[in-house]
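Bear in mind these aren't lab numbers, they're just calculated from the coordinates by the rules spelled out. Worth saying up front: this structure is predicted, and the values here are computed from it rather than measured. A quick note on method: Cβ atoms are made from the backbone with ideal geometry, for glycine too, and the neighbour counts reach across all protein chains shown.
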Amino acid sequence: MTLLRLVEAADGGSVANDLFKIMQQRRLHSVFQPIVDLRSGCVLGHEGLIRGPQASALHSPLALFQLAKEQNRLYQLELLSLQITLETFANLANSNKIFVNVSPECLLRLYENKALSLSSINDLGLNPENIVLELTEGSPIFDYSNLNSIIGSYRSIGFKIALDDLGEGFSSLRLWSELQPDYVKIDKHFIKSINADPVKLQFVKSIQQIAENSGAQVIAEGVETEAELAIVKDLNIAYCQGYLLGRPQIEPISEIAQNYQSIFQSNVISVFPNAALTHSKGNVSRLLVKVPVVTPEATNDEVYALFQNNPSLYSIPVVAGDVPFGLISRYSMIDRFFVAYGRELYGKRSCTEFMDKTPLIVESTISFHELSALITQMEPHHLSHGFIITDHGKYLGLGSGHALLREITEMQISAARYANPLTLLPGNVPINEHIDRLLEKNSTFWACYCDLDNFKPFNDAYGFRRGDELIQLLGKMLTETASSDIDFVGHIGGDDFILIFQSEDWEERCQQLLSEIGLAMPKFYAAEDREIGGIYSEDRRGNQIFYPLSSLSIGVVKIVANQFASHHEVSAGMTDAKKQAKRMPGNSLFYERRVLSSTVAG
């Protein structure tokens with residue numbers, strides 16, 4: 001039975017309407033969006049997408065499928081869309097892969113009706129090994145065993161399997177685990193602005209790692225900017241799809257525009273967004289837990305029973321409708337309920353007698369730091385009893401002081417590892433990770449160690465606050481010197497910074513930086529010290545030593561392919577160059593022009 005006859009039979013001759021007429025007259029057409037191999041820049045295949053009649057309210061697939069769902073014709077529309085897409089692609093005689101959308105429910109019925117068989121595909125002139133069934137998850141899936149069996153049958157005749165929109169569906173990770181797809185498509189939400197969002201970056205990195213371990217290949221959907229493309233490529237994602245490389249169109253494209261080919265061939269890597277503030281950007285909604293609630297009419301006996309049945313429950317919110325009314329603490333109830341005759345006196349009374357009538361109530365959007373500051377200004381019991389979390393005043397759930405303290409501690413640990421707290425620039429871990437990424441890609445880059453001269457005497461003479469201001473200014477100037485897309489700025493600690501250049505004009509940038517430092521530095525000194533060109537300060541033996549105005553020394557090492565094995569060796573080379581720079585007077589740049597080997601650097 002053909003797909004079209006299945007459509008007609010499944011419809012049962014229902015009353016004609018716009019959607020049915022469109023389906024009956026096959027007034028649908030396919031468009032094809034390329035899926036590109038990020039390693040070669042070649043087109044792997046195309047996703048076949050369906051469109052309604054031009055200049056029609058049902059031209060959009062969103063409107064088309066939504067109406068089909070409302071009219072209980074979703075299955076019929078899926079069948080017809082699949083047939084038209086495969087027929088159109090076959091007529092184009094395209095030898096690439098074709099990705100076709102199909103829901104698990106539709107796939108089950110296709111299997112039962114033998115509509116998507118090897119013979120039907122051969123009749124179209126297509127090779128099943130070039131067809132990828134892209135599972136779209138529109139509803140929860142409960143019978144994984146049956147679906148897995150059906151998938152296995154299609155795989156046995158050559159079909160490949162893809163999981164669509166990972167991260168969007170009801171149980172996409174479970175589906176991945178159960179079906180072991182050949183391709184996994186990451187939902188475009190996680191790709192949009194990934195170059196500026198460390199949370200999305202971490203999500204995609206995790207998905208890529210799981211894919212490598214499971215044998216799946218990742219396709220990043222929704223790539224719309226060169227910055228997003230560069231990040232996706234540097235994460236070693238295999239394939240991508242998006243408007244940047246090709247919009248859906250009637251004629252499938254055979255190759256990507258030449259101006260994007262340079263990105264695929266380049267060894268220049270992008271700078272990952274700084275993860276330093278990832279945790280601090282979070283809000284209290286991450287602490288939210290769902291717990292049993294009671295109404296003001298509940299008795300103390302009922303509340304006590306809840307505490308007995310939930311040993312880990314430390315507090316119970318009192319909620320009237322969706323408005324929080326108060327909070328009952330386990331320990332407060334025990335203290336008052338178990339005095340002599342307490343239960344007999346209070347057991348049948350309203351729980352509001354033991355309720356904290358002024359609990360801490362916070363909106364889910366409040367930050368961890370704001371909440372922490374708020375709790376420290378209030379009575380200590382708010383930390384132990386917990387706090388109520390709301391959304392525009394409506395009850396959402398409960399948060400605990402313990403969870404808040406744990407989150408803040410993790411933030412502090414993360415900040416210490418990943419960013420300098422004074423400048424918020426990346427710290428040792430991301431610096432080393434970035435260098436190792438460059439080495440892995442065999443990229444050419446210039447590693448610069450930047451160090452302030454005579455900083456300690458300045459700090460001693462003017463105080464640590466003035467010293468911090470100078471370090472912050474230097475961090476800002478270094479950041480402005482670098483190209484944000486391909487150059488990396490890190491802060492090791494104190495007055496030591498790292499600049500990793502991929503910019504070919506790195507030397508001009510450094511010289512401009514030194515000129516600006518020369519103009520800015522004297523402003524940090526008092527007039528009398530500027531007049532003599534420095535300060536007198538005691539050394540460890542109590543001798544008065546003259547120290548010139550602070551200046552910046554930059555030691556530079558050029559790193560080429562296979563020259564160094566790790567960030568440790570690069571660091572050693574930078575340190576040696578910095579020592580040479582510090583032997584030069586004033587603001588100085590030392591460029592190690594010798595071809596270093598890892599043995600020399602070590």
Legend entry - Lone unmet requirement of (1) in a loop (DSSP other than H, G, I, E, B); (2) more than 24 Å from the chain's Cα centre (by Cα); (3) of a type outside the set (Phe, Trp, Tyr) for HIS402: (1)
Legend entry - Some residue of the range 239-255 being hydrophobic (A, V, I, L, M, F, W, C), surrounded by fewer than 19 Cβ atoms within 10 Å (Cβ to Cβ) and under 24 Å from SER95 (Cβ atoms): yes
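Inspect the range 527-540 for any residue being of a type in the set (S, T, N, Q) and either within 36 Å of the chain's Cα centre (by Cα) or crowded, with 20+ Cβ neighbours inside 10 Å (or both) and give the result as yes or no.
no
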Legend entry - Options ILE328, ILE334: the member that is outside any loop (DSSP other than H, G, I, E, B) and in contact with a Phe, Trp or Tyr (Cβ under 7 Å, 6 or more places away or on another chain): ILE328
Inset, instruction - Would you mind finding the one in ALA572, ALA581, ALA527, ALA561 that is among the aliphatic types (A, V, I, L, M) and touching a helix residue (DSSP H, G or I) at 6+ places or on another chain (Cβ under 6 Å)? - result: ALA572
Legend entry - Members of the range 503-541 that are among the hydrophobic types (A, V, I, L, M, F, W, C), farther than 30 Å from SER266 by Cβ and touching a strand residue (DSSP E or B) at 6+ places or on another chain (Cβ under 7 Å): ILE517, MET521, ILE535
Legend entry - Selection from the range 80-99 of residues that are part of a helix (DSSP H, G or I), touching a helix residue (DSSP H, G or I) at 6+ places or on another chain (Cβ under 8 Å) and closer than 23 Å to ILE219 by Cα: LEU82, LEU86
Legend entry - Whichever residue in the range 473-502 is outside any loop (DSSP other than H, G, I, E, B), surrounded by 15 or more Cβ atoms within 10 Å (Cβ to Cβ) and not hydrophobic (A, V, I, L, M, F, W, C) and, among such residues, is farthest from the chain's Cα centre (by Cα): ASP496
Inset, instruction - Go through the residues of the range 503-511 one by one and say whether even a single one is in a strand (DSSP E or B), within 24 Å of LYS476 (Cβ to Cβ) and in contact with a Ser or Thr (Cβ under 6 Å, 6 or more places away or on another chain). - result: no
Inset, instruction - Taking ILE316 as the residue in question, decide whether it is assigned to a helix (DSSP H, G or I), surrounded by 13 or more Cβ atoms within 10 Å (Cβ to Cβ) and hydrophobic (A, V, I, L, M, F, W, C). - result: no
Inset, instruction - Would you point out which residue out of SER266, SER262, SER214, SER206 is among the small types (Gly, Ala, Ser), surrounded by fewer than 16 Cβ atoms within 10 Å (Cβ to Cβ) and under 17 Å from the mean Cα position of the chain (by Cα)? - result: SER206
